[in-house]
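The values are calculated or read from the model by the stated rules, or taken from the named source; none is laboratory data. All values derive from a computational prediction rather than experimental measurement. Counting neighbours? That spans all protein chains shown, and the Cβs are built from the backbone with ideal geometry, glycine included. SASA here: full protein model, heavy atoms, side chains in, ligands and nucleic acids out. Shrake-Rupley method; radii C 1.70, N 1.55, O 1.52, S 1.80 Å.
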Amino acid sequence: MSGETTLASLTAKSSGWHSISLGLNGTQSQLDGLELKFEAFESGGEIYASYVETQLKDHPRVYWGAWIRGDTYGPEFGDAPWDMNTWDEFQTHANKSLSLIHFGQRPPWIQAEFEPAPFDYAYSKGAIPLVDMANDLGNFPLHVSLREIAEGKVDAAWTQWAKEVAAYKKPLFLRWDWEMNGDWFPYGKEMHEINENSPTLEDKQLFKRVWERLWNLATAAGAKNITWVWCPNIAHPGGLDLGYLNPGSPYVDWNCLDGYNEGGANWKTFAQLFSQTYNSLDSKPIMIAETASNEFGGSKAAWIKDALETQIPTQFPKIKAVAWFNWNIESEWVIESTPAATAAFASGISSPFYAPGEFGSLPALTKIQPLP
């Protein structure tokens with residue numbers, strides 16, 4: 001036990017050596033409060049002697065980072081990674097270098113050429129680029145539907161982009177059409193409309209067919225440095241069945257989830273947010289690409305502490321990367337919302353479990369692997 005938290009338990013009915021593993025998070029406070037409790041479980045039973053031998057084993061590590069919106073810090077700040085002052089401001093508050101930086105780029109039928117600058121900025125800081133790309137976000141000057149992609153309308157533009165990515169050689173995470181099970185982005189609305197109109201199985205699997213088409217084109221173009229991240233929102237009322245949306249192997253390298261503690265009457269712990277959908281995913285490494293907590297309805301600082309120091313390190317072993325959404329949009333998601341929240345984040349992320357920015361020289365034309 002550490003304080004009031006039971007980290008692990010074991011029932012033994014015979015004498016002899018028995019082992020139990022404790023998922024410690026590397027923080028001194030947890031070690032200071034660690035207690036071993038022995039209890040006889042049968043009436044009249046007694047424990048005559050007990051001996052304890054401890055073995056410390058290296059804990060696996062995860063990548064960590066953020067989407068860092070510049071206007072959090074003032075009108076003169078731009079978004080990271082383009083504005084290094086914004087990056088440095090966040091990193092100062094977190095008191096640790098990022099190993100992952102999250103940002104977005106428009107698809108190649110709008111942004112005609114692959115733009116290497118933000119990727120170079122990331123690698124110059126030792127961080128791995130995690131780039132979002134969507135077929136349509138509503139405000140694009142050209143609207144391309146999933147059906148049009150499936151029919152080959154953008155094959156040439158996508159192939160050219162993939163060739164430029166291959167020529168760039170450095171690895172990157174690509175999160176294509178994230179949160180597709182919701183109805184707040186055009187591609188999610190398209191899939192909801194298909195499902196509401198009694199579609200055929202082929203229609204229900206349109207998203208998968210589009211993903212597979214883009215994957216095949218990129219693979220043929222030699223873009224072996226793309227690590228494909230499939231990222232639905234956590235399960236929610238009205239959300240689409242993930243079974244129709246998940247392309248699976250070999251088209252997906254990492255699974256991913258987005259989820260927020262909205263606060264107020266909808267206050268949820270990290271475990272309450274993610275457990276259901278997490279348990280439904282296969283054994284691929286999982287990334288939490290967007291998460292944050294509101295300030296209202298509970299203690300945001302306690303929420304952060306629980307998520308970073310207990311839940312992710314000890315209860316969610318498939319999570320191999322996590323990115324905070326540092327953006328005041330609709331709610332105060334940023335770690336700087338209060339001094340207590342900032343301190344809790346810096347304390348939690350200080351654990352060696354969260355890898356610092358030391359990934360500026362990943363092997364060319366390879367996929368990004370989870371850390372050992």
- Check off (1) assigned to a strand (DSSP E or B); (2) of a type in the set (Asp, Glu); (3) more than 17 Å from residue 178 (Cβ to Cβ) for residue 258 and give me the number that stays unchecked. (3)
- Search result, residues across the range 186-236 that are open to solvent by less than 50 Å² (accessible area, probe 1.4 Å), of a type in the set (A, V, I, L, M, F, W, C) and under 27 Å from residue 362 (Cβ atoms): 211, 214, 215, 217, 218, 221, 223, 226, 228, 229, 230, 231
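Here's the yes/no breakdown for (1) among the hydroxyl-bearing types (Ser, Thr, Tyr); (2) out of contact with any Phe, Trp or Tyr (no Cβ under 8 Å at 6 or more places or on another chain):
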| residue | (1), (2) |
| --- | --- |
| 286 | no, no |
| 292 | no, no |
| 299 | yes, yes |
| 306 | no, no |
| 313 | no, no |
| 339 | no, yes |
| 351 | yes, yes |
- Task: For the range 68-90, enumerate the residues that are polar (S, T, N, Q) and over 18 Å from residue 119 (Cα atoms).
- Result: 72
- Going by the conditions given, is residue 147 at pLDDT 95 or above, loosely packed, with under 15 Cβ neighbours inside 10 Å and within 22 Å of residue 248 (Cα to Cα)? yes
- Message: With touching a His at 6+ places or on another chain (Cβ under 9 Å) and either closer than 20 Å to residue 235 by Cα or among the charged types (D, E, K, R) (or both) as the only criterion, which of 346, 271, 289 stands out?
- Response: 289
- Note on the structure: The residue from 83, 120 that alone is surrounded by fewer than 15 Cβ atoms within 10 Å (Cβ to Cβ), within 29 Å of residue 365 (Cα to Cα) and modelled with pLDDT of 95 or more is 120
- Item | So residue 283, is it in a loop (DSSP other than H, G, I, E, B), at pLDDT 95 or above and open to solvent by 40 Å² or more (accessible area, probe 1.4 Å) | yes
- Note on the structure: For residue 305, the lone unmet condition from (1) open to solvent by 10 Å² or more (accessible area, probe 1.4 Å); (2) of a type outside the set (Val, Ile, Thr); (3) at pLDDT 95 or above; (4) under 22 Å from residue 130 (Cα atoms) is (4)
- Message: Can you tell me how many residues within the range 237-270 are surrounded by fewer than 18 Cβ atoms within 10 Å (Cβ to Cβ) and small (Gly, Ala, Ser)?
- Response: 6
- Message: So, residue 223, is that one assigned to a helix (DSSP H, G or I) and either among the acidic types (Asp, Glu) or within 16 Å of residue 162 (Cα to Cα) (or both) or not?
- Response: no
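The rows are residues; the columns are (1) assigned to a strand (DSSP E or B); (2) touching a residue at least 24 places away in the same chain (Cβ under 8 Å); (3) over 26 Å from residue 78 (Cβ atoms).
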residue	(1), (2), (3)
289	yes, yes, no
311	no, yes, yes
333	no, yes, no
351	no, yes, yes
- Task: Please work out if residue 348 is surrounded by 17 or more Cβ atoms within 10 Å (Cβ to Cβ), touching a Gly at 6+ places or on another chain (Cβ under 6 Å) and small (Gly, Ala, Ser).
- Result: no
- Matching residues in the range 286-302 (open to solvent by 10 Å² or more (accessible area, probe 1.4 Å) and within 13 Å of the chain's Cα centre (by Cα)) number 1
- For the range 353-371, which residues satisfy the criterion of being of a type in the set (S, T, N, Q) and surrounded by 13 or more Cβ atoms within 10 Å (Cβ to Cβ)? 366, 369
- If you go through the range 86-115, how many residues are more than 26 Å from residue 142 (Cα to Cα), free of Cβ contacts under 8 Å to residues at least 60 places away in the same chain and open to solvent by less than 10 Å² (accessible area, probe 1.4 Å)? 3
